[in-house]
Amino acid sequence: MDEPKSLDSLFKEKLFRIPDYQRGYAWGREQLDAFWEDLINLPDGRSHYTGVLTLKEIPVSEVHEDAKEFWLVDDHSYKLYHIVDGQQRLTTFTLFLQAFNELLRSLPENKGLTDNLIYLTDTLSIAAVESKFLFEVKPAGDAFRTYKFGYTVDNPSYEYMRYRILGETGGGTVRETFYTLNLSNGKRYFMEQLRAWHEQQGIEGLQNIYRTLTKRFLFNEYIIKDEFDVFVAFETMNNRGKALSDLELLKNRLIYLTTLYTDAELDPAERRDLRELVNDAWKEVYFQLGRNKSKPLNDDDFLRAHWMMYFKFSRQTGRDYIKFLLDEQFTPQRVHRKMVQPVELEEAEEQTSEADQDIDDENALEITEATEARELVMVAELRPNEIRDYVKSLKASSVHWFRTFYPAMSEDLTRKETEWLQRLNRLGMAYFRPLLMAILKKYDDPGQRIGIFKEIERFVFVVFRLTQTRSNYRSSEFSNAVRAIDRGDMDLAELKQRLRNQMGFTFADEGHFDADEFYFLLQKKFENGQGYYGWSGLRYFLYEYELSLLSSSRQKKVDWSDLLKTPKDRISIEHIYPQSETPAWKPVFKGIRKREREAHLNSLGNLLLLSSAINSSLQNDAFVEKKKAKCNHDGTKLRNGYADGSHSEIEVSHCEDWGPNEIRERGIRLLKFMEKRWDVRFEDDHAREELLFIGSADGEESDEGVPE
């Protein structure tokens with residue numbers, strides 16, 4: 001290995017490409033901060049060792065004549081290299097330089113000037129910087145850019161780097177993933193840092209930082225020889241910054257396996273097609289996982305869920321799935337290990353004369369055996385079609401995995417499907433998300449899908465919110481059902497029956513809901529001073545009640561995000577009778593002991609879903625004040641009141657006053673809604689009264705029906 005080289009030296013007569021088996025740009029703020037700190041804090045006269053840059057030279061014979069690199073490598077003025085290790089650092093360098101040039105263009109003194117007239121120093125223009133580190137422009141014919149550093153055309157980030165980062169025109173619509181989001185964030189990060197640096201240090205500061213990066217950041221360059229396996233090198237090297245994800249390792253492995261088959265097993269066209277299929281699948285997977293750029297999905301979670309659906313379920317929660325995929329299923333040994341494959345051969349039957357017919361009849365058995373002659377050939381234990389089928393399934397499944405998280409962003413779902421998937425996300429899916437992915441993949445009929453969504457939602461609410469059932473109850477059964485659904489070994493009717501059977505323990509022999517578990521769960525909550533306020537199902541339950549009050553003539557007044565906008569997660573649940581009693585409330589609860597008042601405080605009927613966190617300013621106001629908006633002396637509204645809040649608030653505002661009777665009546669009404677909404681029937685009125693934890697109260701039970 002030669003002496004360490006500066007970036008100035010590395011980029012001489014070299015073109016760098018990130019090949020298809022590499023992942024996208026993975027650096028985030030932590031790694032960018034470290035890069036920036038290394039850059040600005042490097043003492044004068046010192047160099048910064050950045051690491052090893054591992055490269056694989058691509059022969060000129062392997063560069064197609066229609067490739068953008070061909071005109072530079074054909075005359076041997078440049079050499080083309082694939083980056084095996086070090087791409088994250090070189091990508092960061094490229095993002096930095098592009099941000100650097102764009103900042104220089106934006107300075108007032110450079111407005112309207114072309115790149116060859118904008119100078120960083122007296123002799124160095126940004127056009128020269130671009131030519132040295134970013135791209136060359138072919139001077140004749142159809143002028144186009146050839147980038148010094150970038151992705152190969154089959155890499156998912158290829159177009160985004162060209163058109164969104166490096167500013168090439170004519171890109172049109174460019175697909176984005178969470179890797180492209182990292183590219184965008186990296187460029188934005190350096191734009192902000194450089195702008196602040198320029199404000200503090202001026203143009204001299206920019207000159208110094210450019211010289212430091214290009215001349216004093218040093219790499220050891222290592223060129224892999226032809227006989228060395230670049231795929232194995234990539235898989236085993238430790239990357240600085242962020243480790244490879246399992247999904248990234250798997251992509252590299254599958255592409256590697258396509259190179260191991262003999263031409264008899266996989267001819268060149270088939271080999272190229274299979275490799276393109278892997279790349280195309282990963283493009284789709286990365287797109288779906290990063291489609292919601294603000295909340296990208298975890299790729300390893302998806303890979304494990306798909307493994308469960310495609311191969312098998314394991315009770316282990318560690319890395320058993322990737323060990324199976326890389327160490328058992330998709331291994332080089334299974335390609336090298338050959339099996340005998342019998343091949344049926346069709347033999348022509350020679351036409352015979354009638355005179356020979358009798359003789360042929362006597363030899364019929366021999367002729368039959370000859371006709372069924374078979375040839376034996378040797379084939380790989382892991383067939384190319386196994387890789388092909390797996391990759392196709394992975395690609396298709398990524399679409400449905402995304403739908404389970406973000407149904408509102410999925411164009412092909414009906415409104416009702418979207419609503420029920422949103423319910424499941426609000427409630428919490430427990431271990432059912434892979435099963436939902438399999439159902440969406442296997443079944444196209446919205447009616448069938450909605451029906452099973454409802455059953456799963458009811459199961460989760462009744463089993464995990466109304467009882468103290470452990471979170472892994474029947475997890476093995478329904479996780480194994482994921483593969484059964486995908487393979488067609490189980491239909492939705494059987495799945496529905498299993499869901500109902502396994503929640504049967506929550507119902508008494510007489511058919512009513514056995515409320516003992518729910519009662520004991522709440523009893524613990526009331527003993528620790530929380531009551532229903534500490535029940536894990538409260539927000540979901542009150543939100544569903546709010547939705548039940550909607551009608552075609554009513555406008556939705558509260559969104560689920562209102563309940564999640566603060567770290568406390570419960571800021572939008574109001575105690576109507578307040579936690580801190582003021583003098584205005586004392587007459588209403590006169591004669592009721594402190595312990596009973598605390599029970600009323602956290603009873604179900606006293607808890608109200610608010611339309612906005614601003615209503616937390618209601619706090620301890622008297623009920624009559626809570627019902628109306630509060631304004632200052634000039635009539636400006638300071639906060640809403642119940643009367644112009646959520647539909648639940650409006651319903652409560654119709655009460656003249658608020659005390660023990662109102663808390664009890666509303667609590668009974670909410671429990672009746674629970675019975676109707678989730679098809680659970682409490683044994684009798686006494687069972688409902690007990691679940692309120694406030695004892696008996698004067699007045700008859702309200703006979704108001706559950707809102708439609």
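So for region 143-152 (the condition being closer than 24 Å to ARG23 by Cα, without any contact (Cβ under 8 Å) to a residue 12 or more places away in the chain and under 29 Å from the mean Cα position of the chain (by Cα)), does at least one residue qualify?
no
If we keep just the residues of region 232-245 that are part of a helix (DSSP H, G or I) and surrounded by fewer than 19 Cβ atoms within 10 Å (Cβ to Cβ), which is modelled with the lowest pLDDT?
Initial filter on region 232-245 (part of a helix (DSSP H, G or I)): 232-236.
Then keep just the ones that are surrounded by fewer than 19 Cβ atoms within 10 Å (Cβ to Cβ); that gives 232-233, 235-236.
Values: VAL232: 66, ALA233: 66, GLU235: 64, THR236: 61.
Going through the qualifying residues, I end up with THR236.
Looking only at region 625-643, which residues are buried (at least 16 other Cβ atoms within 10 Å of the Cβ), assigned to a helix (DSSP H, G or I) and not basic (Lys, Arg)?
TYR642, the sole residue that qualifies.
With the requirement that a residue be farther than 15 Å from PRO19 by Cβ and buried (at least 19 other Cβ atoms within 10 Å of the Cβ), what does region 250-264 give you?
At the first step, the residues of region 250-264 found to be farther than 15 Å from PRO19 by Cβ are 250, 257, 260-264.
Of everything in region 250-264, those that are farther than 15 Å from PRO19 by Cβ and buried (at least 19 other Cβ atoms within 10 Å of the Cβ) turn out to be LEU250, LEU257, TYR261.
What are the pairs with Cβ atoms under 8 angstrom where one residue, in region 308-329, is of a type outside the set (D, E, K, R) and the other, located anywhere, is buried (at least 18 other Cβ atoms within 10 Å of the Cβ) and not in a helix (DSSP H, G or I)? Sequence gap at least six, or different chains.
Going by the 8 Å Cβ cut-off, the qualifying pairs are GLN329/LEU382.
On the given criteria, is TYR545 surrounded by 20 or more Cβ atoms within 10 Å (Cβ to Cβ), among the aromatic types (Phe, Trp, Tyr) and either outside the structural domain of VAL463 (by TED's automatic domain parsing) or not in a helix (DSSP H, G or I) (or both)?
Numbers: surrounded by 20 or more Cβ atoms within 10 Å (Cβ to Cβ): yes; among the aromatic types (Phe, Trp, Tyr): yes; either outside the structural domain of VAL463 (by TED's automatic domain parsing) or not in a helix (DSSP H, G or I) (or both): yes.
When the stated conditions are applied, TYR545 passes them.
Residues being assigned to a helix (DSSP H, G or I) and under 28 Å from the mean Cα position of the chain (by Cα): count how many of those fall in region 477-495. First the steps, then the outcome.
Looking only at region 477-495, we keep the residues that are assigned to a helix (DSSP H, G or I), and these are 477-487, 492-495.
From what is left, the residues that are under 28 Å from the mean Cα position of the chain (by Cα) are 477-487, 492, 495.
So the answer is 13.
Given ASP74, ASP122, which one is touching a helix residue (DSSP H, G or I) at 6+ places or on another chain (Cβ under 9 Å) and assigned by TED's automatic domain parsing to the domain that holds LEU206? Before the answer, list the steps.
Working: ASP122 fails: touching a helix residue (DSSP H, G or I) at 6+ places or on another chain (Cβ under 9 Å).
Among ASP74, ASP122, only ASP74 is touching a helix residue (DSSP H, G or I) at 6+ places or on another chain (Cβ under 9 Å) and assigned by TED's automatic domain parsing to the domain that holds LEU206.
Among what's in region 440-476 and is basic (Lys, Arg) and part of a loop (DSSP other than H, G, I, E, B), pick the residue that is farthest from TRP420 (Cα to Cα).
The first filter runs over region 440-476 and keeps only residues basic (Lys, Arg), leaving 441-442, 449, 454, 458, 465, 470, 474.
If we keep only those that are part of a loop (DSSP other than H, G, I, E, B) too, we end up with 470, 474.
Working: ARG470: 24, ARG474: 22 Å.
Looking at the filtered set, the residue picked out is ARG470.
Before we move on, is ALA305 more than 18 Å from TYR21 (Cβ to Cβ), in contact with a Ser or Thr (Cβ under 9 Å, 6 or more places away or on another chain) and aliphatic (A, V, I, L, M)? Steps first, please.
Numbers: more than 18 Å from TYR21 (Cβ to Cβ): yes; in contact with a Ser or Thr (Cβ under 9 Å, 6 or more places away or on another chain): yes; aliphatic (A, V, I, L, M): yes.
So ALA305 passes the test.
For region 215-229, does any single residue satisfy the condition of being surrounded by fewer than 14 Cβ atoms within 10 Å (Cβ to Cβ), at pLDDT 85 or above and over 30 Å from SER398 (Cβ atoms)?
Within region 215-229, one or more residues are surrounded by fewer than 14 Cβ atoms within 10 Å (Cβ to Cβ), at pLDDT 85 or above and over 30 Å from SER398 (Cβ atoms).
In region 11-44, what residues are in contact with a Phe, Trp or Tyr (Cβ under 6 Å, 6 or more places away or on another chain), assigned to a loop (DSSP other than H, G, I, E, B) and either at pLDDT 95 or above or crowded, with 16+ Cβ neighbours inside 10 Å (or both)?
Matches in region 11-44: PHE11, GLY24, TYR25.
Check region 433-444 and report whether any residue there is under 16 Å from the mean Cα position of the chain (by Cα) and surrounded by fewer than 22 Cβ atoms within 10 Å (Cβ to Cβ). Let's see the steps before the verdict.
Initially, region 433-444 is screened for residues under 16 Å from the mean Cα position of the chain (by Cα), giving 433-434, 436-437.
After this cut, where a residue has to be surrounded by fewer than 22 Cβ atoms within 10 Å (Cβ to Cβ) as well, the list is 433.
Scanning region 433-444 turns up at least one residue that is under 16 Å from the mean Cα position of the chain (by Cα) and surrounded by fewer than 22 Cβ atoms within 10 Å (Cβ to Cβ).
Scan the strands (runs of 3 or more DSSP E) fully inside region 99-217 and keep the ones with 1 or more residues being basic (Lys, Arg).
On the way: elements: 135-137, 145-147, 149-151.
Hits in region 99-217: 145-147.
Going by the structure shown, is LEU72 part of a helix (DSSP H, G or I), under 16 Å from GLY150 (Cβ atoms) and in contact (Cβ under 8 Å) with a residue 40 or more places away in the chain? Spell out how you get there, then give the answer.
Details: part of a helix (DSSP H, G or I): yes; under 16 Å from GLY150 (Cβ atoms): yes; in contact (Cβ under 8 Å) with a residue 40 or more places away in the chain: yes.
Yes; evaluated as a whole, the condition is true for this residue.
Specify which of the listed residues (LEU618, LEU638, LEU670) is in the same structural domain as LEU538 (by TED's automatic domain parsing) and at pLDDT 95 or above.
On the way: LEU618 fails: at pLDDT 95 or above; LEU638 fails: at pLDDT 95 or above.
Result: LEU670 is the single residue among LEU618, LEU638, LEU670 that is in the same structural domain as LEU538 (by TED's automatic domain parsing) and at pLDDT 95 or above.
So in region 644-695, with the set limited to residues that are of a type in the set (Lys, Arg) and part of a helix (DSSP H, G or I), which one is nearest to the chain's Cα centre (by Cα)?
Let us first name the residues in region 644-695 that are of a type in the set (Lys, Arg), namely 664, 666, 669, 672, 676-677, 681, 688.
The next check asks that each one be part of a helix (DSSP H, G or I); those that pass are 664, 666, 669, 672, 676-677, 688.
Working: ARG664: 44, ARG666: 40, ARG669: 39, LYS672: 38, LYS676: 35, ARG677: 31, ARG688: 42 Å.
Here the answer is ARG677.
What pairs come out if I take residues in region 18-42 that are in contact (Cβ under 8 Å) with a residue 12 or more places away in the chain and within 19 Å of VAL278 (Cβ to Cβ) and pair them with residues that are among the basic types (Lys, Arg) and surrounded by 14 or more Cβ atoms within 10 Å (Cβ to Cβ) whose C-beta lies under 7 Å away, six or more apart or interchain?
TYR21/LYS251
Need pairs with beta-carbon distance below 7 Å; first residue closer than 19 Å to LEU495 by Cβ and within region 454-476, second in a helix (DSSP H, G or I) and hydroxyl-bearing (Ser, Thr, Tyr); sequence gap 6+ or separate chains.
Going by the 7 Å Cβ cut-off, the qualifying pairs are VAL462/THR506; VAL463/THR506.
In region 170-188, how many are at pLDDT below 90, surrounded by fewer than 17 Cβ atoms within 10 Å (Cβ to Cβ) and within 20 Å of LEU134 (Cβ to Cβ)?
Here the count works out to 3.
State all residues of region 72-95 that are modelled with pLDDT of 90 or more and among the hydroxyl-bearing types (Ser, Thr, Tyr); if no residue qualifies, say none.
TYR78, TYR81, THR91, THR92, THR94, listed by residue number.
The values are calculated or read from the model by the stated rules, or taken from the named source; none is laboratory data. Just so you know, these numbers come straight off a predicted model, no measurement behind them. Cβ: placed from backbone, ideal geometry, glycine included. Neighbour counts: every protein chain shown.
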